[in-house]
Amino acid sequence: MKNIHNRSFNALSHYLSPLEVWALSFGCAVGWGAFVMPGTTFLPFAGPYGTAIGMILGAFIMLIIGINYHFLMNRYPDAGGTLTYSIRAFGFNHGLLSAWFLILVYIAIMWANATAIVLINTPANAFKFLMAISVCVPFLGRAAIGWIVDVNTIGALIAYAYTSAAACKIAKNDGHKPIVFTGIIGTVISAVFFFYFLIPNIWSAGNLSSESYLILIIWSIFGLAFFMFVFKHNEQIHFGKSITLWLTLLFMIFLFL
């Protein structure tokens, strides 16, 4: 583990002003879900007051997660995010596990944010790209949106749990007690919601669809196969020192079944 902490990752340089950082954060946070979910999910179940309370609690939880990310970003100003933090704190096995489900999140949400392609491409190419994606949507139906939300929820919770746990461990080594506290809180909250959504029939509003379980099962199987490939070709012996990844992927496969 000492070699991991001393390992040189890709350092980042500052080039955004505080206002630009705020604009980027605001643009990432306010998507189609911010306008759709309150009307389709929050209000029918909780009403106006329950929705307001829920959004306030959600903002507080994300503030805790954000504090953990902020600490780690200042502690390790490297490229990689959750992947880097997991490797620094727990080793390459955990780094691969966290990154594997983050990849699924990026794949699942990419089409929903495809309209942003006009910002980095010519309008003609962006139009063709959006048309190509839109052709597939009718074959999946409106239920596909629910699958995407489910997959993103599980993947994000895994990333939040790893980031918070990494912040807790590293802050403990540094003697930074406030971050140890926020790290514990973030890890516990992420774990609670992770099992809340995965274990069926706890509450009807929290059940995942059958298709979502199937997607997660397939992705976990692919992850197990990929890890076996990486482990077999691991010349620097970075992987295979912990059975956590093996057990976690197998656990998730059988849990989803």
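FYI, it's all coordinate maths here, none of it is from the lab. All of these numbers come straight from a predicted model, not from anything done at the bench. Here Cβ is always computed from backbone atoms with ideal geometry, including for glycine, and neighbour counts include all displayed protein chains.
Tabulated data
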{"quantity": "For the stretch 158-175, 3J(HN,Hα) per residue [Karplus equation, 6.51 cos²θ - 1.76 cosθ + 1.60, θ = phi - 60°, Hz, x = Gly/Pro]", "calculated": "5, 5, 5, 5, 5, 5, 5, 5, 5, 4, 4, 5, 5, 5, 5, 5, 8, x"}
{"quantity": "Ranked H176, H233, H70, criterion: other C-beta atoms within 10 Å, fewest first", "calculated": "H233, H70, H176"}
{"quantity": "Stretch gain in nm, segment C28-M228, where the contour uses 0.36 nm per residue and the Cα spacing is subtracted", "calculated": "68.5 nm"}
{"quantity": "Difference of contour (0.36 nm per residue) and Cα-Cα distance, K172 to A52", "calculated": "39.7 nm"}
{"quantity": "Burial ordering of L63, L216, fewest other beta-carbon atoms within 10 Å first", "calculated": "L63, L216"}
